[in-house]
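To start, the structure itself, in structure tokens.
The values are calculated or read from the model by the stated rules, or taken from the named source; none is laboratory data. Quantities reported herein were computed from a predicted structural model and do not represent experimental measurements. Cβ sites come from the backbone with ideal geometry, for glycine too, and all protein chains shown count toward neighbours.
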Amino acid sequence: MKSCATHHLTDEELNLLENNSVTVLFKKGEPIIKQNALSLNVAYLRCGMAKIHLQGPTREKILRVVKAPTFLGLPTSFGEKINQFSVSAINNAEVCFIDLSTFRNLIFSNGKFAYELILELCRNELNDYFRYASLAQKQIPGLVAETLLCFSEKLFNKTDFTMPLTRSEMGDLIGTSRESVSRVLSEMTQDKIIKFDSNQISILNIEALKKISEKG
DNA sequence: GCATTAACCACAG
DNA sequence: CTGTGGTTAATGC
């Protein structure tokens, strides 16, 4: 499983990468990167999904939910010896840990590789900007709708999927209480916009969901 | 004032 | 872990 960035590596560089990395399997819920722990690696998620989260001033905050293939923890791997946030497996995951100095040397020596990394970081940052605006200005139904659409369109590419987060985690993701998430989901079910049995979610009326997301 | 929104608490599956 | 109901505080019209 290669990323866009690793396509730009030569065979020699790929060998270097493989010889200085190790693959580890994680089960659902297990921590991959721990906030406040020392790290000398870059992590690359080969399979599965993960949540990027940290301990906020008052409670847990989920920053993003990502799926393979993607690098994990790049914002904290350079310039910081101590991890500034955590990453945990959402379902079973396969992660490749790459020696940081080896990785750094590849950035120095291969501009195209570095450029692809910058592209990914930019895409992520831009995406976060839009999310900040939503979080600050949308009401909870709009945020829940946005989250469901995001999971459906970006993570699963289906209108029918298993929500891997608990209600409480969804609350931590959009900055609200688990109760509010439950209530909004119940209301959307009553209005026949979605359907769910435990965590199996089906989007029945995507137009209505988009409208709720837009109107906030 | 009155309505809306959403948090916090409590209790039951 | 979830869903619901009661209560309360803040904000808007």
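Things to note:
- Apart from one condition, A:A43 fits all of (1) surrounded by fewer than 19 Cβ atoms within 10 Å (Cβ to Cβ); (2) without any contact (Cβ under 8 Å) to a residue 60 or more places away in the chain; the exception is (1).
- Segment A:159-172, subset without any contact (Cβ under 8 Å) to a residue 24 or more places away in the chain and surrounded by 13 or more Cβ atoms within 10 Å (Cβ to Cβ), residue nearest to DNA strand B (Cβ to nearest atom): A:G171
- Positions within segment A:174-209 being basic (K, R) and at pLDDT below 95, in sequence order: A:K192, A:K195
- Count of segment A:179-192 residues, restricted to those that are within 16 Å of DNA strand B (Cβ to nearest atom) and either among the β-branched types (V, I, T) or in contact (Cβ under 8 Å) with a residue 12 or more places away in the chain (or both), is 8.
- When the criteria are applied in full, A:N105 fails the requirement of being more than 16 Å from DNA strand B (Cβ to nearest atom), within 30 Å of A:S77 (Cβ to Cβ) and loosely packed, with under 14 Cβ neighbours inside 10 Å.
- For segment A:173-216, the set of residues classified as surrounded by fewer than 17 Cβ atoms within 10 Å (Cβ to Cβ), assigned to a helix (DSSP H, G or I) and within 14 Å of DNA strand C (Cβ to nearest atom) consists of A:R178, A:E179, A:S182, A:R183, A:S186, A:E187, A:T189, A:Q190, listed by residue number.
- Restricting segment A:136-158 to residues that are surrounded by fewer than 16 Cβ atoms within 10 Å (Cβ to Cβ) and farther than 30 Å from A:T6 by Cα, the residue that is nearest to DNA strand B (Cβ to nearest atom) is A:Q139.
- Number of positions in segment A:152-166 that are more than 14 Å from DNA strand C (Cβ to nearest atom) and out of contact with any Ser or Thr (no Cβ under 8 Å at 6 or more places or on another chain): 5
- Of the helices (runs of 4 or more DSSP H) entirely within segment A:76-151, those holding at least 2 residues that are of a type in the set (S, T, Y) occupy A:100-109, A:111-137.
- Selection from segment A:46-62 of residues that are touching a residue at least 40 places away in the same chain (Cβ under 8 Å) and either of a type in the set (A, V, I, L, M) or under 14 Å from A:I90 (Cβ atoms) (or both): A:C47, A:G48, A:M49, A:A50, A:K51, A:H53, A:I62
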